[in-house]
Amino acid sequence: MITEKISCDEIPTPITRIGLGTWAMGGAMWGGTDDLESIETIQHAVDAGITLIDTAPVYGFGHSEEVVGQALAEGGRRDKTVLATKVALEWADGKVHRNSSPKRIRKEVEDSLRRLRTDRIDIYQIHWPDSSVPIEETAEALLRLQREGKVLALGVSNFSAQQMEAWSSVAPLHTTQPPYNIFEREIESDILPYALEHKLIVLSYGAICRGLLSGKMSRARKFQGDDLRLKDPKFLEPRLSQYLSAADLLAQHAQANYGKSLLAFAIRWILDRGETMAALWGARNPSQLDEVEEAFGWKLSADDYAAVDGILRKTIRDPVGPEFMAPPVR
Ligand code: NAP
């Protein structure tokens with residue numbers, strides 16, 4: 001039973017503090033995918049009590065949203081979920097760029113509603129800030145959609161504290177989606193304090209650092225085709241060995257102190273930062289969700305946070321963030 005949930009006044013269904021991320025299900029940038037397995041994974045997640053499902057139009061250029069829509073249409077699952085999608089990345093000839101103009105948003109919302117087979121999006125998020133459009137104009141465009149009932153809660157992703165402040169001058173802001181995991185902590189300087197102070201729901205993405213914190217990653221793992229981990233600087237030597245050594249020591253700490261897996265510990269490490277924290281976990285098959293329950297019903301102490309910091313200091317000599325994923329500006 002997943003008992004840890006977050007309430008949002010705009011959304012009828014409480015948000016479980018673990019959400020299923022569906023980027024890989026789009027079929028691009030993760031070495032291919034199997035739609036039947038994706039549908040099975042989404043349905044399994046909902047049946048296991050996960051309410052939060054996160055997708056985006058750009059994931060497989062509409063494909064992830066279509067798969068999510070198909071999975072939720074069966075068995076009345078749509079009404080049990082908090083469906084989060086995004087807007088404001090445009091693509092042409094396989095190339096992606098940012099576009100937060102009200103015109104683009106107006107078009108995209110209709111495309112997403114159709115692909116997701118729904119009449120409302122529970123959490124609608126600007127995927128990346130677009131410096132060519134004033135944030136206030138973008139926020140007003142989402143506010144209009146909220147007033148029309150097409151979207152319920154408003155969110156941003158990859159926004160700075162200053163950009164969230166600008167947004168809040170014209171529209172409510174309910175959620176923020178930054179990268180956050182034990183290895184990627186850039187948000188701790190100002191984005192996270194801002195979010196916690198303003199009681200924003202934080203949908204932390206890359207919660208298990210693209211598998212590095214799954215407890216199953218090894219040097220022997222080979223990535224295929226277009227898998228982004230072929231270019232991810234954390235997965236290239238000499239850094240890969242450093243991150244794998246850190247993962248080993250973290251796994252030992254989790255086992256010795258709690259009898260828990262590294263994956264459950266890594267999720268707990270995010271959740272215990274604050275009561276509005278949630279973790280997005282990109283599972284690609286039902287068995288990858290086996291450890292969901294293990295992440296609930298216990299808490300980390302201040303000593304655990306200090307121990308994690310000590311392990312990172314000892315092992316990671318060349319830290320690097322997730323910047324390689326940022327799409328170009330226009
Ligand atoms: P993630 O959750 O850190 O890692 C996902 C990968 O970890 C999976 O594709 C899988 O890869 C591996 N994995 C998952 N469960 C596992 C398990 N039990 N055992 C072993 N390996 C396991 O990364 P993510 O998918 O990038 O992030 C999660 C979600 O956040 C995304 O799906 C998306 O919804 C969101 N996101 C948002 C943004 C944004 O800009 N807003 C950016 C990135 C992600 P293999 O099976 O191939 O090993």
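The values are calculated or read from the model by the stated rules, or taken from the named source; none is laboratory data. This structure is a prediction, so every number in the text was calculated from the model and none was measured. All Cβ positions, even for glycine, are placed from backbone atoms using ideal geometry, and neighbour counts span all protein chains on display. Side chains included, ligands, DNA and RNA excluded: accessible areas come from the protein's heavy atoms. Shrake-Rupley method; radii C 1.70, N 1.55, O 1.52, S 1.80 Å.
Could you do me a favour and compute the accessible area per residue for region 10-119, 1.4 Å probe, result in Å²?
Averaged over the residues of region 10-119, the accessible area is 38 Å².
So what is the 222 nm mean residue ellipticity for the chain from helices alone, if each DSSP H run of at least 4 adds -39500 (n - 2.57) and you divide by all residues, rounding to the nearest 500 deg cm²/dmol? Intermediate results must be reported in sequence, preceding the final value.
Working: 9 runs with 111 residues, N = 330.
Rounded to the nearest 500, it is -10500 deg cm²/dmol.
Between Phe223 and Met325, what is the label-point separation in nm under the 7 Å Cα-to-beta-carbon projection?
1.1 nm
Order of 14-23, 112-121, 277-286 by packing, highest average Cβ count within 10 Å first?
Most protected by this proxy first, the peptides run 14-23, 277-286, 112-121.
Would you list which lysines come within 24 Å of Lys107, measuring only between C-alpha atoms, while excluding same-chain residues fewer than 8 positions from it?
Straight-distance partners of Lys107: Lys86, Lys95, Lys150.
How many nm separate the modelled label positions at Glu4 and Glu197, each set 7 Å beyond the Cα in the direction of the Cβ?
Taking the two extended label points, one gets 2.5 nm.
In a Gaussian network model over the chain where Cα atoms closer than 10 Å are linked, find which of Ser169, Ser241, Ser101 has the largest mean-square fluctuation.
Greatest mean-square fluctuation among the candidates belongs to Ser169.
Output the 0 to 90 degree angle, nearest 10, between the alpha-carbon long axis of helix 63-73 and the longest principal axis computed from the alpha carbons of the chain.
Helix 63-73 sits roughly 80 degrees off the main axis of the chain.
Using r as the Cβ-Cβ distance of Asn285 and Ala92, and R0 as 41 Å, what FRET efficiency do you calculate, to the nearest 0.05?
0.80
Quick one: accessible area per residue over region 137-262, 1.4 Å probe, rounded to a whole number of Å²?
42 Å²
From Cα pairs below 8 angstrom and at least 6 apart in sequence, can you work out the relative contact order of the chain, rounded to a whole percent?
20 percent
How tilted is helix 35-47 with respect to the longest principal axis of the chain? Cα atoms for both, answer in degrees (0 to 90, nearest 10).
90 degrees
Order Ser160, Ser7, most accessible first, counting only protein heavy atoms with a 1.4 angstrom probe. Before the final figure, lay out the partial values.
Details: Ser160 35, Ser7 100 Å².
Solvent-accessible surface, decreasing: Ser7, Ser160.
Would you work out which of Thr81, Gln125, Ala71 lies farthest towards the positive end of the dipole of region 52-125, given +1 charges on the beta-carbon of Lys and Arg and -1 on that of Asp and Glu, about the Cα centre?
Ranked along the dipole, the leading option is Gln125.
If amide hydrogens are placed 1.01 Å from N in the peptide plane, which non-local residues have theirs closer than 5 Å to the one on Thr51?
Residues meeting the criterion, in which the H sits 1.01 Å from N, are Thr16.
Which whole-number percentage describes the relative contact order of region 163-218, with Cα contacts under 8 Å and a sequence gap of 6 or more? Present the calculation step by step, with values, prior to reporting the outcome.
On the way: 47 pairs, mean separation 21.3, N = 56.
Relative contact order here is 38 percent.
On C-alpha positions alone, give me the angle between the axis of helix 239-258 and the longest principal axis of the chain, in degrees, nearest 10.
So the helix axis and the longest Cα principal axis differ by about 80 degrees.
Output the relative contact order of region 1-152, whole-number percent, from Cα pairs under 8 angstrom with separation of 6+ residues.
20 percent
Report, ordered by chain and residue number, the aspartates and glutamates lying within cross-link reach of Lys103, taken as a straight Cα distance under 15 Å and ignoring same-chain residues fewer than 8 apart.
By straight Cα distance, Lys103 reaches Glu90, Asp111, Asp130, Glu136, Glu137, Glu140.
Of all the accessible heavy-atom surface of the chain, with the other protein chains kept in place and a 1.4 Å probe, what percent is carbon and sulfur?
Result for the chain: 51 percent of the exposed heavy-atom area is carbon or sulfur.
Between region 88-114 and region 1-47, how many Å separate their Cα centres?
Here the answer is 22 Å between Cα centres.
Between Asp119 and Gln255, 0.36 nm times their residue separation minus their Cα-Cα distance comes to what?
44.5 nm
Give me the lysines in straight-line cross-link reach of Lys234: C-alpha distance below 20 Å, same-chain residues under 8 apart excluded.
Those lysines meeting the cut-off are Lys216, Lys222, Lys314.
Report the extension gain between Glu74 and Glu275 in nm, rounded to one decimal, defined as 0.36 nm multiplied by the number of residues separating them, less their alpha carbon distance.
Roughly 69.2 nm would be gained on extension.
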